Amino acid sequence: MEEIKELDPKNRIDHMTYLPDMEVIDSDIDKKVVKAINDYDYTVFTAADVLEALKKDVLSYRDFQALLSPAAEPLLEQIAQRAQQETRKHFGNSVMMFTPVYIANYCENFCIYCGFNRHNKIRRAKLDFDEMKREFEAIAKTGLQEVLILTGESRKGSDVKYIGEACRLARKYFKVIGLEVYPMNSDEYRYLHECGADYVTVFQETYNSDKYETLHLAGHKRIWPYRFNAQERAILGGMRGVGFAALLGLDDFRKDGFATGYHAYLLQQKYPHAEIAISCPRLRPIINNDKINPKDVHERQLLQVICAYRLFLPFASITISTRESNMFRKHVIAIAATKISAGVSTGIGGHIEGEEAKGDPQFKINDNASVDYVYKEIEEMGMQPVMSDYIYV
Amino acid sequence: MKDTFKLGEHEFTSRFILGSGKYSLELIKAAVENAGAQIVTLALRRATTGNVANILDYIPKGVTLLPNTSGARNAEEAVRIARLAREVGCGDFIKIECIRDSKYLLPDNYETAKATEILAKEGFVVMPYMYPDLNAARDMVNAGAACIMPLGAPIGTNKGLATKEFIKILIDEIELPVIVDAGIGKPSQACEAMEMGAAAVMANTAIATAGDIIAMAEAFKYAIEAGRTAYLAGTGRVLETGAAASSPLTGFLSD
């Protein structure tokens, strides 16, 4: 049995201190968010606060806090109705479609809930450019025009140059390239932007740094503030848009939901041209641990969080993950989400029909629906699937 | 005589410019027909390549395509998108949208004027979407714009003519057609814009979010026609004339 030294807290590095190669930027957004989370007491809100928030055109962060509070739970139907109006105003009946492409699953981090963690015994793999090309061709055939390229977090296993080449190749097949890879410095984001990527998503997992420390035991990812500032470095590197998320179920979901929205809000305020996207993942089982689950974040709570995001950030794109059931996804796009993945594989490779994925998946997905199926389903709901809402300039 | 308005060398009888975003592709054709629209906008960023559903295929032949530069954050990007639109066969009309605020989507007049100048020189029929500011509107005119398109309210809000007083000034001072764009939420608001003397109205969200898109397109058509007829009939003067004072101030004048 391999000895895992980080299981002993004294062998872990300080999660709040930057490592030498990590760029430090001039920003106080992290401090503002931390202060706001610490001050957030969701037990003080009443139904009257929630109803007041629902009357407003532009919500304050206090209103957002009210919508995430337990007092809002019995009012979920009203909140959903209001969220739907807001979604229609900003997006009409459009629903953007995309698919994630996992190109490598090597990982240097040790995050105890993640299937890719470096101590988890799974099949590791990395697509070479020929395999990638075949993967992209297979996806392009489904009609999709937007992909999200993902890797495990390993600078060795999938270096910046490799990711850059993947973007260049993907640009030949798709109009929109997003990235969900390890956080990096702004000059590296600039390079990837030049290679054709234009969106960067980084999940903070949990905004509670004390909790974060107990879940992310080793690797670059352990450094909480460097991860927090990734979106800002991406914008400084010229990316058009950035995505935010807390992995709901890791810690107090109300506080994490609040922190996610407030983080995005402050960043958009500082960089008004930045396009904002929010994802709403809940914990899922992984290979070698079937017991992982989102704890107290049931579908009802998840919907509450998603609607609160919509009302606080009416202009933001909200993505709904295949971690959720087909039934939940279908209904939530009619209310508040605006972007949906389809034809998903979280393994390495796996978009080519009849071929097995080369590497094991990050987590077990819940909705296996194909692009065609999801497209038709959106149409049947009276909405319009949109493959491209973007132009790279 | 036919009541028409001109954009560059092109003459139009319909004063309703219809947006094609935010609703189902299958409904575009019927909406255009019921609206009697001769100009339809489209976001170039929505146009796809390959054999997937392409918005361009759903816009009926014979209407004038008005591609917009949505997605552009500055003049340079707007110019590049406009050229791309021309390359893919969208014609010479271009609606300039330069937006560097992802929250309210308010246009940047300064960048818009710069893009207008470059594109007008390249022979585009340039229709700048702008915040209703008289000085900026004059800049657009001098830069070669074919009309100006002030916003009634922030895009998508359906709040109507929140900028009414400023749009009135533009109508009074600018000789080019003034087309009210963005914020129009109801046919009555479109009608009001036309009564004020707007040359045309552009709407998208109001129709896209209606329960019956086709019927709402038609309702807008009639409202715009009614407003135009009222403007030509001269209602403004009637409404703005107050009651005569019982003791006229000028009654002392004798010779």
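The values are calculated or read from the model by the stated rules, or taken from the named source; none is laboratory data. Since this is a predicted model, take the numbers as computed values, not measurements. Ideal geometry is used to build each Cβ from the backbone, glycine not excepted, and the neighbour counts take in all protein chains shown. Accessible surface areas use protein heavy atoms only, side chains included; no ligands, DNA or RNA. Shrake-Rupley method; radii C 1.70, N 1.55, O 1.52, S 1.80 Å.
How many residues, within the stretch A:276-291, are closer than 12 Å to A:K364 by Cβ and in contact with a helix residue (DSSP H, G or I) (Cβ under 9 Å, 6 or more places away or on another chain)?
The qualifying residues number 0.
Can you pull out every residue in the stretch A:258-306 that is in a loop (DSSP other than H, G, I, E, B), open to solvent by 10 Å² or more (accessible area, probe 1.4 Å) and without any contact (Cβ under 8 Å) to a residue 60 or more places away in the chain?
A:Y271, A:P272, A:H273, A:D290, A:K291, A:N293, A:P294, A:K295, A:D296, A:H298 - these are the residues of the stretch A:258-306 that are in a loop (DSSP other than H, G, I, E, B), open to solvent by 10 Å² or more (accessible area, probe 1.4 Å) and without any contact (Cβ under 8 Å) to a residue 60 or more places away in the chain.
So, restricting to helices (runs of 4 or more DSSP H) that lie completely within the stretch B:18-105, which ones have at least 2 residues that are modelled with pLDDT of 90 or more?
Hits in the stretch B:18-105: B:75-87.
Take the conditions hydrophobic (A, V, I, L, M, F, W, C), touching a Gly at 6+ places or on another chain (Cβ under 6 Å) and open to solvent by less than 50 Å² (accessible area, probe 1.4 Å) and apply them to A:L59. Does it pass?
no
Can you find even one residue in the stretch B:167-180 that is under 24 Å from B:L27 (Cβ atoms) and either of a type outside the set (V, I, T) or more than 16 Å from the chain's Cα centre (by Cα) (or both)?
Checked the stretch B:167-180: no residue is under 24 Å from B:L27 (Cβ atoms) and either of a type outside the set (V, I, T) or more than 16 Å from the chain's Cα centre (by Cα) (or both).
Can you name the residue in the stretch B:63-77 that is more than 9 Å from every other protein chain (Cβ to nearest Cβ) and in contact with a Ser or Thr (Cβ under 9 Å, 6 or more places away or on another chain) and is also most open to solvent (accessible area, probe 1.4 Å) among such residues?
B:L65
Go through the stretch A:33-55 and report how many residues are surrounded by 14 or more Cβ atoms within 10 Å (Cβ to Cβ) and either under 21 Å from A:N208 (Cα atoms) or touching a Phe, Trp or Tyr at 6+ places or on another chain (Cβ under 7 Å) (or both).
Number of matching residues: 6.
When you go through B:A115, B:A137, B:A120 one by one, which is the residue that is modelled with pLDDT of 95 or more, in a helix (DSSP H, G or I) and under 27 Å from A:F315 (Cα atoms)?
None of the others qualify; the one that does is B:A115.
Suppose we filter A:S317, A:S370 for residues that are under 29 Å from A:G257 (Cβ atoms) and either free of Cβ contacts under 8 Å to residues at least 40 places away in the same chain or surrounded by fewer than 24 Cβ atoms within 10 Å (Cβ to Cβ) (or both); which single one remains?
Criteria check complete, one pass: A:S317.
Take the stretch A:97-141 and flag every residue that is in a strand (DSSP E or B), of a type in the set (A, V, I, L, M, F, W, C) and open to solvent by 10 Å² or more (accessible area, probe 1.4 Å).
A:F98
I'd like the full set of residues that are more than 10 Å from every other protein chain (Cβ to nearest Cβ) and touching a helix residue (DSSP H, G or I) at 6+ places or on another chain (Cβ under 7 Å), limited to the stretch A:77-86.
Hits for the stretch A:77-86 are A:Q78, A:I79, A:A80, A:R82, A:A83.
Somewhere in the stretch B:39-57, is a residue open to solvent by 30 Å² or more (accessible area, probe 1.4 Å) and under 16 Å from B:I207 (Cβ atoms)?
no
Having 1 or more residues that are acidic (D, E) and closer than 20 Å to B:S20 by Cα is the bar; report the helices (runs of 4 or more DSSP H) wholly within the stretch B:144-238 that clear it.
So the answer is B:213-233.
For B:A182, only one of the following conditions fails: (1) at pLDDT 95 or above; (2) open to solvent by less than 40 Å² (accessible area, probe 1.4 Å); (3) not basic (K, R). What is its number?
Status for B:A182: all satisfied but (1).
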